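Values quoted throughout were computed directly from the atomic coordinates according to the rules given, and no laboratory measurement underlies them. Since we're looking at a predicted model, the values are computed, not measured. Cβ atoms come from the backbone with ideal geometry, glycine included; neighbour counts cover every protein chain shown.
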Amino acid sequence: MSQKQNLTVSLERETIQKAKVLAAKRNTSVTRLLTDYVEEMVAEDERYEAARKAALDYMDKGFPMGGQIAADREDWHER
């Protein structure tokens, strides 16, 4: 079980009131709304970083294009 820690957030009064109304509409609390949103943002960032790393690793390996190079450097740069 993960350990929880409190976090203080300062928001405009109007934003707080709107958040309370939104939480009530969703039958939850403002704390739960914020928790869910922050957890989703963190998870999204972790998925992005994993995909980015996988893409960079794939690019480092190169792309198999098939075929074969029949000429060498000297053939391409004859003078």
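Some notes on this structure:
- Theoretical ellipticity at 222 nm over the chain - DSSP helices of four or more residues, -39500 (n - 2.57) apiece, nearest 500: -20500 deg cm²/dmol
- Legend: calculated FRET efficiency, D60 to D36, from the Cβ-Cβ distance at R0 = 30 Å, rounded to 0.05, equals 0.25.
- Plainly put, the chain has a radius of gyration that is 1.46 times its Kirkwood radius, both from alpha-carbon atoms, as the Rg/Rh ratio.
- Helix 30-61 vs. the chain, principal-axis angle (Cα, 0 to 90°, nearest 10): 10 degrees
- The trypsin sites (Lys or Arg not before Pro) found in segment 14-46 that occupy coil by DSSP, while having at most 13 further C-beta atoms within 10 Å, are R26.
- The longest part of the chain holding none of the exposed loop GluC sites (Glu not before Pro), meaning those outside H, G, I, E and B in DSSP with at most 16 other Cβ atoms within 10 Å, is 13-77.
- Computed from phi, the 3J(HN,Hα) profile of segment 11-20 under the Karplus parametrisation 6.51, -1.76, 1.60 (θ = phi - 60°) reads 10, 5, 4, 4, 5, 4, 4, 5, 5, 5 Hz, with x in place of Gly and Pro.
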